[in-house]
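Undergrad: One structure, as structure tokens, below. Some questions next.
The values are calculated or read from the model by the stated rules, or taken from the named source; none is laboratory data. Here the structure is a predicted model, which means the values were calculated and not measured. Every residue, glycine among them, receives a Cβ derived from its backbone with ideal geometry; neighbour counts consider all protein chains shown. Ligands, DNA and RNA are excluded from the accessible area calculation, which covers all protein heavy atoms including side chains. Shrake-Rupley method; radii C 1.70, N 1.55, O 1.52, S 1.80 Å.
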Amino acid sequence: MNSLYEAINSFLGEFLFLKNGTCPVCGKVLFWGDAFLCAECEKRKPLNNGPVCQSCGRALTDNQKLVCKHCRQEEDPFSGGLCLFHYQEDSRKMITDLKFKNRPGLAVYLGQEMGKAIKTQDWINKVDLIMPIPIHPERRKERGYNQSEKIAEGLAAELPENLAIHLANDNLFRSHNNPHQIGQSLKKRKENMLGVFDLSNPREVYKKNILLVDDVLTTGATLFEAAATLRDGGAGKIFIAVIAALDDQ
């Protein structure tokens, strides 16, 4: 019964109603408005409003700490970050939909929500470039789009024009189609990510402060490797913004 209900909702959302279709959390068809979450799921969004890591922005469970364990292990951590949601069941469903269920509009919408939140961060005034984490061309062909690019587009659209922050989609690229990181240990994730990124135009990032954008932050292996590539190209400070992040444990 539940499967039939979900199938009907999916059909109606895709073919008869608005571009937002169905709520990615509960599956309810959205008949009116531009929101991508239903009213009930909107109310219970797992917003990351408590104490956060001063480096990456993930939630801290220990109020006595200033930096999470992942950033403490890095020689050159991020200079600031924003993680919009705790990585919990509801946000996990959103991430799954925007990555694997052909929902680029949802990615743009969540990027806009992230952009609204990031305007309150003092460090946004230091950013010169916004750069999404790239995916390999083969994976992009399968998916049809890069979800991080769509998130970055939504984020950039929310920022005031006077900040003069440029969205750079094509410079940072993934030269190796490394396997999915799901279920891998931190050590294995770092090994998988070594050398997977490169720059097509290092001069664009030279002495520029860069905001890296991705969908989810777990161990940080992907974002730290991308940051290392940018620093090798002469970039200045590196900031990050993600839709959801695992809390520091």
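Undergrad: Could you report segment 105-160's accessible area per residue, 1.4 Å probe, as an integer in Å²?
TA: 41
Undergrad: Quick check: the distance between the Cα centres of segment 103-145 and segment 29-63, to the nearest angstrom?
TA: 16
Undergrad: Write out the chymotrypsin sites (Phe, Trp or Tyr not before Pro) in segment 70-162 meeting two conditions: DSSP loop, and at most 15 other Cβ atoms within 10 Å of their Cβ.
TA: Details: sites: Phe78, Phe85, Tyr87, Phe100, Tyr109, Trp123, Tyr145; in loops: Phe78, Tyr87, Tyr145.
Passing both the DSSP loop test and the Cβ count: Tyr145.
Undergrad: Please compute the length gained on full extension between Phe173 and Arg139, using 0.36 nm multiplied by the number of residues separating them and subtracting their Cα-Cα distance.
TA: Extending this stretch completely gives an extra 11.0 nm.
Undergrad: Hey, with R₀ at 30 Å, roughly what FRET efficiency would Thr61 and Arg92 work out to, going by the Cβ-Cβ distance, to 0.05?
TA: For Thr61 and Arg92, the calculated efficiency is 0.95.
Undergrad: OK, next. How much length is gained if the chain between Thr120 and Glu161 is pulled fully straight, taking 0.36 nm per residue apart and subtracting their Cα-Cα distance, in nm to one decimal?
TA: Taking 0.36 nm per residue and subtracting the Cα distance, the gain is 13.2 nm.
Undergrad: Sticking with this one: Per residue, how much accessible area does segment 18-82 show when a 1.4 Å probe rolls over the protein heavy atoms, in square angstrom?
TA: Result: 55 Å² of accessible area for each residue.
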